[in-house]
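The values are calculated or read from the model by the stated rules, or taken from the named source; none is laboratory data. Since the structure is predicted, the reported quantities are computational estimates derived from the model, not experimental observations. When we count neighbours, we look across all protein chains shown, and the Cβ atoms used for this are built from the backbone with ideal geometry, even at glycine.
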Amino acid sequence: MSETNPAATAPVTADAAPHRYTAAMAAEIEARWQDFWDAEGTYAAPNPKGDLAGDPELVARPKKFIMDMFPYPSGAGLHVGHPLGYIATDVFARFQRMTGHNVLHTLGFDAFGLPAEQYAVQTGTHPRASTEANMKNMVSQLRRLGLGHDKRRSFATIDPEYYKWTQWIFLQIFNSWYDDEAKRARPISELVAQFDSGERAVPGGGTWSALTEAERADLLGEYRLAYASDAPVNWCPGLGTVLANEEVTADGRSERGNFPVFKSKLRQWNMRITAYADRLLDDLDQLDWPEAIKLQQRNWIGRSEGARVDFPVDGERITVFTTRPDTLFGATYMVLAPEHPLVEKFTPAAWPEGTRDAWTGGHATPTEAVAAYRAQAASKSDVERQAEAKDKTGVFIGAYATNPVNGEQVPVFVADYVLMGYGTGAIMAVPAGDQRDFEFARAFELPIRCIVEPTDGRGTDPSTWESAFASYDAKIMNSSNGEVSLDGLGVVEAKERITEWLERTGAGAGTVNFRLRDWLFSRQRYWGEPFPIVYDEDGIAHPLPASMLPLELPEVEDYSPRTFDPDDADTKPETPLSRNEDWVHVTLDLGDGRGPRRYRRETNTMPNWAGSCWYELRYLDPHNSEQLVDPEIEQYWMGPREGLPHGGVDLYVGGAEHAVLHLLYARFWSKVLFDLGHVSSAEPFHKLFNQGMIQAYVYRDGRGIAVPAAEVEERDGAYFHGGEKVSRLLGKMGKSLKNAVTPDEICAEYGADTLRLYEMAMGPLDVSRPWDTRAVVGQFRLLQRLWRNVVDENTGRLSVADVAETDVDADTLRALHKAIDGVRQDLEGMRFNTAIAKVTELNNHLTKVGGPVPRPVAERLVLLVAPLAPHVAEELWRKLGHTASVVHEDFPVADPAYVVDETVTCVVQIKGKVKARLEVSPSVSEEDLEKAALADEKVVAALGGAGIRKVIVRAPKLVNIVPA
Ligand code: ANZ
């Protein structure tokens, strides 16, 4: 598949031009300019103060902070798909520099993560050693591409100087609570002060000072934004770790490894992201993000408006969450999630009189029935439990609740289609309106009451229905008591009216529920940030003082968490850090007045999302040892400004696969830091752009096994590998599919400028595109022509004509200014492919005109190319006699006089006779042309008020009018 390119690789023969642009020349030019840029610090973006302060003239410019989603330093290195986004941001950043901006563009590494740990488990190599070797390799691969990064600002999340601040942020989150009234996070000390002064009542009565230390810790744990809890978590014995909801697939298995995941009660750290649900949702409106990503975040947060309703049971009550309180009159039974804490309390010893056989599951007592059902439900994932098509299972718990709206006694069931983790873990079941309830009611012989008038002609007798009737455009019926009537109302009004009634009578209240859950923040791994938390002898968690950060990872013998039989739900995690006794058990003086004491360290580590939750901030002030980021510097690069009320990075480019996890977590941390006054930006990323994927053909043999793409030959539209016919399909690029092409190969064959051009020319940036090595040469030829338009290939000397712009022919000036105008707009709009097309057009025009290119044209051509192919542009700029780098030159501006469209003459006929001529744009629309023709004076005169039967328009050249 790889076609060698004679122009690029053939040795220079006697008759070949000695100064032609070849791969060898590109390699020499590129290496030389890369060294120059490094030595000169060409891409250093100055801060207004601090150790990176610099050129006040640059600092005074408008700024642009441009960022890529930073890479994980994988051992496989980069293939040509990886740098697509990096090249795009580099082109954009270079354009911004040339249009008067102080541009911050750099790249670090997201370097904690599982692959290095697994590699360590297999080989015994310390994860740090393999990770650093991988980073070194990637740094050199990336350097070869000529990316204009401010290298002074790069770091890896595994640097103790970096994770010191990740730990510091954890402490800020731990030491704060969310004030629902003020709608922001506040220091926990302010909550303590409220409890202490009595301004806020201590739950359960009593005073703060009367609480024991453990009671205080428990109480504050209910408020802290980072808190430990025994909540049920996703435990994956096969991996030996717990997982976040986001890491569990729709089939309830681990995203990585595809092992079963069980709900298990474990003490784990959580982040109270749910406190921010409203703000995370509302602030999306302000962001310049793809709609699809915003929608995914909205769905993930999942805001539902409805009501809480209390159903009394023996002096207690079951509270349900419903989005349809208007259907309350149709609630004929209730369901508790099997894990619901009230199940035990309400389950009597014996079946009450009149219990139907269908409800008991064949068990002698309710206690037995419930226990058996709970055991069965525990082995299923949430998704399995919720599956639409699944048979509805459940069991009566032997108790009845009172429907508050009509006093009816309704039976209470446990059933696994109700989840503990959503709403209140209990529902009122309305079989007429909810399909799951309908199926359950049919299976358990429960009444179905029609409370919404069907609009589809099925009638109001539910015994004849095949499904529930769900519609927001129907009228409520059968829904009144002495106090309130919903009959005849539409759903929206009925919801309002019943909510009023619920609130008036104290039976319930309007409420908002979110699908979003708190973020499980503990992992049973080695290769992550240690928690800056220690436990005292009573098990109370204490934060380390900031002076003890970074808390560095200890050395351990064995990097793997203990894994178990993947199907054994009863196992418990055992973390690698717990094996280093000397590290775990310590005597510390935490500076809290308690003096030195024995403590036990937290032995979980943070999830690998932690480091990427705030890295944009550290780029700003990477060496600051006193602060996370200096506020003035943060304000300068990220602060709110006109049109960006929340501030944030100006452009963030990365893959759409990070729609929810990373972007939601980073937004959350950003908001906490904002609330606590550490940053002025309440959003991390103002504009988000998702680049497409570079795809590649995958060739498979008869057994379906991928064969090396480079060894496949094409014959008459069929593909062969070693004589055997193989199939071809477009897929991902990667080592496992044996179709990876590395940037190193392409750079060796053509140079980095050609690779950059090719990747940018492949199509619009947000669209996925197939890689085609054979097509790369096209961009190489463009650079060869560009070179030839400026340099004499035989002498290597400049070959431009030193003339004034006024002496340049009009056609060339028009071609030049149109190119300038178009390229400028395209680069600003990140349409790099069309920008390249316009450069190509201008370059071809110059080749066609022949003769030495006029200097004013050549100079601007080089400037146009500079963001896209920076090395060759630097070289030509130097040849043109300039001593400064092209990087900070002004991007050319088009002279509007040359940009206006040429016109064409349009003939207007009436009944086939020419009556008028119009000068119009060649791209005029048929509609506009018709309007212009009918408005023309001569045409109006010729028609003499006659009506029109028909107008035939052939834009841009002809309009024929047929009068009535
Ligand atoms: C009565 C009702 C009648 C409902 C009706 C729906 C239709 P969303 O929109 O996703 O928020 N529900 C509440 N908590 C649940 C839980 N823990 N597990 C399973 N289902 C639960 O869904 C809210 C609706 O889902 C609630 O409104 C409740 O059923 C159900 F015609 O209440 B509804």
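A few points about this structure:
Rundown of residues vs (1) within 15 Å of the ligand (Cβ to nearest atom); (2) at pLDDT below 95; (3) in a helix (DSSP H, G or I), yes/no style:
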| site | (1), (2), (3) |
| --- | --- |
| 455 | yes, yes, no |
| 459 | no, yes, no |
| 468 | yes, no, no |
| 473 | yes, yes, no |
| 488 | no, no, no |
| 494 | yes, no, yes |
| 499 | yes, no, yes |
| 504 | no, no, yes |
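- Failed condition for residue 461, given (1) within 41 Å of the chain's Cα centre (by Cα); (2) surrounded by fewer than 19 Cβ atoms within 10 Å (Cβ to Cβ): (1)
- In segment 782-804, the residues that are out of contact with any Ser or Thr (no Cβ under 8 Å at 6 or more places or on another chain) and either surrounded by 14 or more Cβ atoms within 10 Å (Cβ to Cβ) or among the β-branched types (Val, Ile, Thr) (or both): 784, 786, 787, 793, 795, 796, 798, 799, 800, 801, 803
- Entirely in segment 203-265, the strands (runs of 3 or more DSSP E) that have 3 or more residues that are of a type in the set (Gly, Ala, Ser): 226-229
- Pairs with Cβ under 6 Å, 6+ apart, first in segment 191-211 and at positive phi, second surrounded by 13 or more Cβ atoms within 10 Å (Cβ to Cβ): none
- Test: residue in segment 323-334 that is within 29 Å of residue 304 (Cβ to Cβ) and of a type in the set (Gly, Ala, Ser): yes
- In this structure, residue 392 qualifies as within 14 Å of the ligand (Cβ to nearest atom), part of a loop (DSSP other than H, G, I, E, B), touching a helix residue (DSSP H, G or I) at 6+ places or on another chain (Cβ under 8 Å) and at pLDDT below 95.
- Count of residues meeting criterion [hydrophobic (A, V, I, L, M, F, W, C) and within 16 Å of the ligand (Cβ to nearest atom)] in segment 272-294: 2
Table: residues versus (1) of a type in the set (Asp, Glu); (2) touching a residue at least 12 places away in the same chain (Cβ under 8 Å); (3) in contact with a Leu (Cβ under 9 Å, 6 or more places away or on another chain).
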site: 237; (1), (2), (3): no, yes, no
site: 256; (1), (2), (3): no, yes, yes
site: 278; (1), (2), (3): yes, yes, no
site: 282; (1), (2), (3): yes, no, no
site: 285; (1), (2), (3): yes, no, no
site: 323; (1), (2), (3): no, yes, no
site: 334; (1), (2), (3): no, yes, no
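- Restricting segment 417-444 to residues that are in a loop (DSSP other than H, G, I, E, B) and under 22 Å from residue 479 (Cα atoms), the residue that is farthest from the ligand (Cβ to nearest atom): 431
- For segment 410-452, residues that are more than 43 Å from the chain's Cα centre (by Cα) and of a type in the set (Asp, Glu) total 1.
- Taking the criterion of being in a helix (DSSP H, G or I), of a type outside the set (Ser, Thr, Tyr) and within 23 Å of residue 92 (Cβ to Cβ), the residues of segment 628-666 that qualify are 633, 634, 637, 638, 656, 657, 658, 662, 663, 666.
- Failed item in (1) within 16 Å of the ligand (Cβ to nearest atom); (2) closer than 23 Å to residue 576 by Cα; (3) of a type outside the set (Val, Ile, Thr); (4) surrounded by fewer than 15 Cβ atoms within 10 Å (Cβ to Cβ), with residue 258 passing the rest: (1)
- When the criteria are applied in full, residue 480 meets the requirement of being more than 12 Å from the ligand (Cβ to nearest atom), more than 30 Å from residue 229 (Cα to Cα) and of a type in the set (Ser, Thr, Tyr).
- Residue that is farthest from residue 498 (Cα to Cα) [pool: residues in segment 509-524 that are within 12 Å of the ligand (Cβ to nearest atom) and more than 19 Å from the chain's Cα centre (by Cα)]: 514
- Test for residue 405: is it under 24 Å from residue 323 (Cβ atoms), in a strand (DSSP E or B) and away from the ligand (no atom under 11 Å from the Cβ): no
- Of all residues in segment 266-289 being in a loop (DSSP other than H, G, I, E, B) and in contact with a strand residue (DSSP E or B) (Cβ under 6 Å, 6 or more places away or on another chain), the one that is surrounded by the most Cβ atoms within 10 Å (Cβ to Cβ): 289
- Residue in segment 907-924 that is more than 22 Å from residue 819 (Cβ to Cβ), under 48 Å from the mean Cα position of the chain (by Cα) and not polar (S, T, N, Q) present: yes
- None of 145, 114, 104 is under 28 Å from residue 751 (Cα atoms) and either at pLDDT below 95 or over 25 Å from the mean Cα position of the chain (by Cα) (or both) except 145.
- Residue satisfying all of: in segment 755-792; closer than 22 Å to residue 866 by Cα and basic (Lys, Arg); farthest from the chain's Cα centre (by Cα) among these: 788
- Residue match in segment 129-149 (condition: in a helix (DSSP H, G or I), touching a residue at least 60 places away in the same chain (Cβ under 8 Å) and farther than 23 Å from residue 655 by Cβ): no
- Residues that are of a type in the set (Ser, Thr, Tyr) and either more than 29 Å from residue 244 (Cβ to Cβ) or part of a strand (DSSP E or B) (or both), drawn from segment 576-612: 587, 599, 605
- When the helices (runs of 4 or more DSSP H) confined to segment 856-964 are screened for residues that are β-branched (Val, Ile, Thr), those reaching at least 1 such residues are found at 870-879, 896-899, 937-943.
- Taken over segment 299-345, the criterion of being part of a strand (DSSP E or B), in contact with a helix residue (DSSP H, G or I) (Cβ under 7 Å, 6 or more places away or on another chain) and within 11 Å of the ligand (Cβ to nearest atom) is satisfied by 303, 306, 307, 309, 336.
- Beta carbons closer than 6 Å, at least 6 apart along the sequence or on distinct chains, pair a first residue in segment 747-764 that is assigned to a helix (DSSP H, G or I) with a second that is at pLDDT below 95 for 749/8; 750/8.
- Selection from segment 726-785 of residues that are in contact with a helix residue (DSSP H, G or I) (Cβ under 9 Å, 6 or more places away or on another chain) and small (Gly, Ala, Ser): 731, 740, 748, 751, 752, 761, 763, 775, 778
- Hey, residue 348 touching a helix residue (DSSP H, G or I) at 6+ places or on another chain (Cβ under 8 Å) and touching a residue at least 40 places away in the same chain (Cβ under 8 Å) or not: yes
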